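See below for the structure under consideration.
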Amino acid sequence: MTVSRRDLLAATAAALATPLVSEAAKAAGARAPSELQAPKFLTASEFALLDELTELIIPTDAQSPGARAAGVAAYIDFRLSESLEPDWQKAWRTGLAGVDASSRERHGKAFLQATPDQRVAVLTEMSGAKEGFFHELKAWTVRGYYTSKIGIHVDQQYKGNVYQRGEYAGYDAK
């Protein structure tokens with residue numbers, strides 16, 4: 001197989017332009033990772049609900065982007081799609097439906113049609129239960145966020161395995 005000079009130049013130009021295109025997309029307000037891919041397990045409406053719930057749990061703030069920017073809903077959806085536990089998958093579908101039902105009962109409208117304050121009220125009510133879907137949702141949101149590049153490097157400012165100068169802050173078993 002031979003590569004023509006023209007093909008080589010085109011490939012080189014594409015390779016050099018890729019970082020520039022990525023930066024331009026970021027500057028133009030590119031969509032979050034969770035908006036870029038189709039759900040693998042959840043329906044589009046379930047995925048949209050999950051994306052909003054995760055963003056409410058870990059919102060964008062002055063310190064770092066939130067769960068939506070980190071692609072947490074896509075992470076959870078992928079884990080559900082790869083699961084060999086149909087009961088766990090069913091529990092997620094039932095839990096998401098329960099959030100919508102709770103919003104309809106409390107506010108007369110679906111969760112995504114509710115106002116931001118009404119959404120927070122539904123989540124606050126759910127968080128009061130000792131166990132249930134909210135705790136599963138929160139645990140997976142935290143796991144997805146803090147294992148993402150945004151959660152590790154932007155939020156936690158992890159620099160990798162580097163020499164720590166100054167006083168030792170670890171455990172001393174003396």
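Taking the numbered list (1) outside any loop (DSSP other than H, G, I, E, B); (2) in contact with a helix residue (DSSP H, G or I) (Cβ under 9 Å, 6 or more places away or on another chain); (3) at pLDDT 95 or above in turn, Leu42 passes all entries but (1). Residue count for region 109-131, restricted to those that are in contact (Cβ under 8 Å) with a residue 12 or more places away in the chain and either in contact with a helix residue (DSSP H, G or I) (Cβ under 6 Å, 6 or more places away or on another chain) or not β-branched (Val, Ile, Thr) (or both): 9. Exactly one residue out of Gly160, Gly108 is at pLDDT below 95 and either loosely packed, with under 13 Cβ neighbours inside 10 Å or more than 13 Å from Leu50 (Cα to Cα) (or both), and it is Gly160.
Can you tell me which of Lys90, Lys138, Lys149 is in contact (Cβ under 8 Å) with a residue 24 or more places away in the chain, farther than 15 Å from Leu49 by Cα and of a type outside the set (Gly, Ala, Ser)?
One residue alone meets the criteria, Lys149.
Filter region 129-157 down to the residues that are over 16 Å from the mean Cα position of the chain (by Cα) and not in a helix (DSSP H, G or I), then identify the one that is surrounded by the most Cβ atoms within 10 Å (Cβ to Cβ). Checked region 129-157; the qualifying residue surrounded by the most Cβ atoms within 10 Å (Cβ to Cβ) is Gly132.
The values are calculated or read from the model by the stated rules, or taken from the named source; none is laboratory data. Worth saying up front: this structure is predicted, and the values here are computed from it rather than measured. Here the Cβ is made from the backbone with ideal geometry for all residues, glycine too, and neighbour counts use every protein chain on show.
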